[in-house]
Structure formats: structure tokens, C-alpha cells
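S.K.: The structure is given below, and queries will be raised subsequently.
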Amino acid sequence: PLTTTCATGDRTLTGVVISDYTGVPTSGAFVPRVYYNKNNSAWSSKPGTLTSGTATNGTWSFPIAAADMGGLTAGDSVKYYIIAQDIMATPNIGSSPGGVNAFDVNTVNSHPIAPNRYAIGGSLSGTYTIGGGGAYPTLTAAVAAYNAACLAGPVTFSLTDPNYPLETYPIVINANPYAS
């Protein structure tokens, strides 16, 4: 699955293995597709590309185009799933995650209830107060924001209260991939 990112552009889901004993189409209108949307808006889709293997056991990549969703900004949530059909006269159709109801990969009647998702992270930079009336009421909330943030510069947390009795322990500061 794709994880939270600071990037607001296109993403590519790679290394997707699709196996079927009869095979799936590797070209044409019925190749496996990725469906995606932003913040529960209308679904868009793109065909995948077979990057290695065969129609019966292949590895695919799938593009997710930000422009199809009207662009992405911090705080957006993108849902997505893969759909494929085999090459039988009456195709068997499946999705990952499961739950799609479709006539074929291009004609979806209902989407999975719990598709995969990733978020566009917000940014942190500067000094933030922690405590009553501060930017964050607790250390727990401040550290959670730091762990999930796209760091745009140095971050300082300034404690304003003598005690912090409402914390959820343990409080773990992760190695933020955007830290320098």
C-alpha cells in the first residue's frame, strides 16, 4: 500500500502481482486498472502496465494522476483499489481490496467499502506551544503531529504547563523522513 506523503503530484503503485490460471488481458481495453478518488469525490481510473511476467502471473504498475482529482494539497485523502478480470468468455472480476461489483474493469457498479488510502501530509516549521491554550494541548498531540508531518524547517515545541497529566504513554518520537 501507498503511505502518507508530502508530495502533491502523481504517484505510481508498483510491484502489484496479479495471478490467474486463465490469464488477464495484457493489452487493450480490459487490462487491470486502478480506481482512485480524493476526499470521497468521483472515481477516476487508469489502466495498468505489465512490467514483468506473463498474463497468468505478472507484475504490474498503476499510475494515480493528481490532475484527475483536481490536484492535491495537504490534508487530502486519496482512496484507491486495483480491479482485474480474467480472459474467460464470461470474465471473473476481482479487486484488491475485495468488494467491487462490476460488469468488467471499465463498468463498476459499486466500489469496495474499504479501499486502500493514503494521505497528503501537512507541514510543520517553527515554534509551537504545548499546554493549556497552546497550539497542542498535550505532548501526545504534538508528537503525533510531528510524526505525521512534512517538515518544512526546524520544529521547536515549547512547554507552557508545569504538569501534563493527560498524556497517552508511551510517547514515541519517530524518525521523521523529512527531518534534516
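The values are calculated or read from the model by the stated rules, or taken from the named source; none is laboratory data. Note that this is a predicted model, so its numbers are computed, not measured. Don't worry about glycine lacking a Cβ; one is built from the backbone with ideal geometry, like all the others, and counts go over all protein chains shown. The accessibility values were calculated without ligands, DNA or RNA, using every heavy atom of the protein model including side chains. Shrake-Rupley method; radii C 1.70, N 1.55, O 1.52, S 1.80 Å.
S.K.: Amide H of Asp86: which non-local residues (sequence gap of 5 or more, or other chain) have their own amide H closer than 5 Å, using H built in the peptide plane?
M.R.: Asn92
S.K.: If segment 48-170 were replaced by its equivalent ellipsoid, with semi-axes equal to the square roots of 5 times the Cα gyration tensor eigenvalues, what would those be, largest first, whole Å? Can you show the working numbers first?
M.R.: Values: eigenvalues 410, 51, 35 Å².
Computed over segment 48-170, the values are 45, 16, 13 Å.
S.K.: Starting from the coordinates of the alpha-carbon atoms of segment 39-97, obtain the Kirkwood hydrodynamic radius over all distinct pairs and give the value in Å to one decimal. Before the final figure, lay out each step's value.
M.R.: Numbers: mean 1/r = 0.0731 Å⁻¹.
Final number for the Kirkwood radius of segment 39-97 is 13.7 Å.
S.K.: Same structure, new question: Pulled fully out, how much extra length does the chain show between Asn101 and Ser125, if you take 0.36 nm times their separation in residues and subtract their Cα-Cα distance? Kindly include the intermediate steps, with their values, before the conclusion.
M.R.: Working: separation 24, 0.36 × 24 = 8.64 nm, distance 4.44 nm.
Extra length available between Asn101 and Ser125 comes to 4.2 nm.
S.K.: Could I ask something else about it? Quick one: go through segment 92-128 and flag any residue whose amide nitrogen is under 12 Å from the point 7 Å out along the Cα-to-Cβ line of Thr160.
M.R.: 128, by backbone N distance to the label point.
S.K.: While we're looking at this one, here's another question. Tell me, what HN-Hα J-couplings in whole Hz come from the Karplus equation 6.51 cos²θ - 1.76 cosθ + 1.60 at θ = phi - 60° for each residue of segment 31-37, using x for Gly and Pro?
M.R.: Couplings: 5, x, 10, 10, 10, 8, 8 Hz.
S.K.: Taking the alpha-carbon centroid of each part, what is the distance from segment 1-50 to segment 64-121 in angstrom?
M.R.: 7 Å
S.K.: Another question about this same structure. Compare Val100, Val31, Val143 in a GNM of the chain, Cα atoms joined below 10 Å, and give the one with the largest fluctuation.
M.R.: Maximum fluctuation in the GNM of the chain, among the listed residues, is at Val143.
S.K.: Let me cross-check Ser52: its accessible surface, 1.4 Å probe, with only protein heavy atoms counted, in Å² to the nearest 10?
M.R.: Ser52 exposes around 60 Å² with every protein chain in place.
S.K.: At R0 = 22 Å, how high is the FRET efficiency between Ile173 and Ser61 if r is their beta carbon distance? Nearest 0.05 is fine. Kindly include the intermediate steps, with their values, before the conclusion.
M.R.: On the way: r = 34 Å, r/R0 = 1.56.
Step by step, r from the Cβ atoms, then E = 0.05.
S.K.: Here's another thing I want to ask about it. Calculate the translational D of segment 1-51 in whole µm² s⁻¹ from Stokes-Einstein, where the hydrodynamic radius comes from the Kirkwood formula applied to all Cα pairs, the temperature is 37 °C and the viscosity 0.692 mPa s.
M.R.: Details: Rh = 13.2 Å.
D, rounded to a whole number, is 249 µm²/s.
S.K.: Now for a different question. State the extension gain, in nm to one decimal, for the chain segment bounded by Thr49 and Ala7, taking 0.36 nm per residue of separation less the distance between their alpha-carbons. List each step's numbers first, then the result.
M.R.: Numbers: separation 42, 0.36 × 42 = 15.12 nm, distance 2.26 nm.
Result: 12.9 nm gained on full extension.
S.K.: Please report the projected area of segment 1-90's Cα convex hull averaged over all directions, in nm².
M.R.: Details: hull surface 24.9 nm².
That works out to 6.2 nm².
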